[in-house]
Amino acid sequence: MTECVFCRIAQHDLNAKIVDEDGDFIAFHDAHPVAPVHLLVIPKRHVASFAEWTGVDPDVAGRWLLRARDLAASCGFAGAGYRVVINTGAEGGQTVAHLHLHLLAGRALLWPPG
Ligand code: AMP
Ligand code: ZN
């Protein structure tokens with residue numbers, strides 16, 4: 001059995017508040033939200049980070065990114081705005097070694113984040 005937390009969520013082996021899913025991706029609420037809406041969108045197939053997503057079909061990568069945009073729109077934030085973040089590696093703030101993007105919305109988000 002995999003030890004990867006996000007693989008376990010993708011396999012429905014670990015509970016998460018799932019909001020969207022297809023054959024390639026799954027989106028769920030972050031367990032420790034830092035904004036009123038804080039979703040994670042992950043590829044179901046394990047890859048450790050954005051940097052290591054080499055050889056990915058650009059169509060798959062594009063659908064991943066557009067999934068975040070469509071989720072933001074379906075949550076009602078297309079007009080107000082939102083942020084999409086891909087923390088990558090230690091200095092990028094990545095703590096879970098399964099590729100994920102954060103969709104943050106529902107409050108004014110400061111920039112730069114620090
Ligand atoms: P990052 O720092 O970019 O690697 O973000 C990892 C995110 O995963 C953090 O925001 C965590 O709160 C979130 N997280 C970790 N474990 C879980 C889990 N089991 N379910 C949902 N979110 C999680
Ligand atoms: Zn994984």
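The values are calculated or read from the model by the stated rules, or taken from the named source; none is laboratory data. Source: prediction; values computed, not measured. When we count neighbours, we look across all protein chains shown, and the Cβ atoms used for this are built from the backbone with ideal geometry, even at glycine. To get the accessible areas, we keep the full protein, side chains included, count just its heavy atoms, and leave off ligands, DNA and RNA. Shrake-Rupley method; radii C 1.70, N 1.55, O 1.52, S 1.80 Å.
A few comments on the model shown:
- Note on the chain: with neighbouring protein chains present and a 1.4 Å probe, carbon and sulfur make up 55 percent of its accessible heavy-atom surface.
- In this Cβ point-charge picture (+1 for Lys and Arg, -1 for Asp and Glu), the range 5-105 has a dipole of about 180 debye about its Cα centre.
- Here the Karplus curve 6.51 cos²θ - 1.76 cosθ + 1.60, taken at θ = phi - 60°, turns the phi angles of the range 32-45 into couplings of 10, x, 10, 8, x, 10, 9, 10, 10, 10, 10, x, 5, 6 Hz, with x standing for Gly and Pro.
- Isolated cysteines of the chain, defined as having no other cysteine beta carbon under 4.7 Å away, are 75.
- For the range 72-114 and the range 14-39, distance of Cα centres in Å: 12 Å
- Take every Cα pair under 8 Å whose residues are at least 6 apart in sequence, average their separation, divide by the length of the chain, and the relative contact order is 29 percent.
- Dimensions of the chain based on its C-alpha atoms, expressed as ranges along the principal axes with the largest first, amount to 40, 29, 29 Å.
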